[in-house]
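No lab work stands behind these numbers, since they all come straight from the coordinates. Fair warning: this is a prediction, and the values are worked out from it, not measured in the lab. Note: ideal-geometry Cβ built from the backbone for every residue, glycine included; neighbour counts use all protein chains shown.
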Amino acid sequence: MISCEFTTETHSLSISCIFTNFFSLIAKKYCYFCEQMKDSFKHKGMRNQLAQIVADKGITDEKVLDGIRNIPRHLFMDSSFEAHAYQDKAFPIAADQTISQPYTVAFQTQLLEIKSGDTILEIGTGSGYQTAMLLELGAKVYSIERQKELFKRTSLFLPKLGYRPKKLIFGDGYKGLPEQAPFDGIVVTAGAPFVPKPLLGQLKIGGKLVIPVGEKAQIMTLFIRTSEKEFTKKEFGEFRFVPMLEDKN
Ligand code: SAH
């Protein structure tokens, strides 16, 4: 008696079982990548629940909620954390960094009020989850990451899921990206001890900078450029991010 892996039934070793096992083994061997990149109905169900949790916390932008429903967050994390991927929590990723909490990603994105075709700069690519959210909203996305390991990983990973930012840059986000400025929006996904002047200067008139400002905890802050030299500022409560560090690594 032998257990047939494919049917999970226990029965005598039949020719069809041998064939089924043989082909499934070959498929597994040569489709290791597919195994790693699985997105099931169960995952989709969990994403719908997560979108509901985020909506219950006050996110009203349906396009942002659709982003949460569409992006396979479990694939952005180490597979050992997969069971937690659809909790509304931040989790560790490579290089001692974190994938932001879905509510935080949704909150920052909602503040940007993105229209399809807007040019958005992200500081802190990290896992690429926020990048994917910006792309889901139809933005042209530039994103800067200071950690080489994360930059390389995420540059390879996003296209595998069909997410194609305009450019991922290995560099220091404090300087922004003057060669592609001005931007409709800039989102900083690390805690900034102060507001970097170059980022304000790289906004279009009417453009928005969403930045968590502070050392231990941060105040989510929105700047809107109202003229060449004037900005309005609005604050939105406390959040916690990994620190925005100077220079690249
Ligand atoms: N947007 C990410 C959040 C990652 S955490 C996500 O959705 O997963 C913040 C990221 O900002 C880290 O990857 C960190 O390395 C990066 N970071 C910190 N300081 C930076 C800087 N000065 N320039 C660019 N990236 C920076």
> Residues in the range 194-211 that are crowded, with 19+ Cβ neighbours inside 10 Å, without any contact (Cβ under 8 Å) to a residue 60 or more places away in the chain and within 15 Å of the ligand (Cβ to nearest atom): how many?
Replying inline: 3
> Does at least one position in the range 221-237 carry a residue that is touching a residue at least 40 places away in the same chain (Cβ under 8 Å), away from the ligand (no atom under 16 Å from the Cβ) and either surrounded by fewer than 16 Cβ atoms within 10 Å (Cβ to Cβ) or under 15 Å from GLY176 (Cβ atoms) (or both)?
Replying inline: yes
> Quick one: would you say ALA51 is in contact with a Lys or Arg (Cβ under 7 Å, 6 or more places away or on another chain) and in contact (Cβ under 8 Å) with a residue 40 or more places away in the chain?
Replying inline: no
>> I need every pair where a residue in the range 148-160 that is farther than 15 Å from TYR129 by Cβ has its Cβ under 8 Å from the Cβ of a residue that is small (Gly, Ala, Ser) and within 11 Å of the ligand (Cβ to nearest atom), sequence separation at least 6 or different chains.
In response: GLU149/ALA94; GLU149/ALA95
>> Looking only at the range 113-135, filter to residues that are in contact (Cβ under 8 Å) with a residue 60 or more places away in the chain and more than 13 Å from the ligand (Cβ to nearest atom); which one of those is nearest to GLU235 (Cα to Cα)?
In response: GLU113
> What number of residues in the range 137-167 are in a helix (DSSP H, G or I) and either surrounded by fewer than 19 Cβ atoms within 10 Å (Cβ to Cβ) or not aliphatic (A, V, I, L, M) (or both)?
Replying inline: 11
>> Among the listed residues LYS248, LYS216, identify the single one that is over 19 Å from the mean Cα position of the chain (by Cα) and either under 18 Å from ILE144 (Cα atoms) or within 11 Å of the ligand (Cβ to nearest atom) (or both).
In response: LYS248
> Taking the range 55-110 as the region of interest, how many residues are among the charged types (D, E, K, R), in a loop (DSSP other than H, G, I, E, B) and either surrounded by 14 or more Cβ atoms within 10 Å (Cβ to Cβ) or within 13 Å of the ligand (Cβ to nearest atom) (or both)?
Replying inline: 4
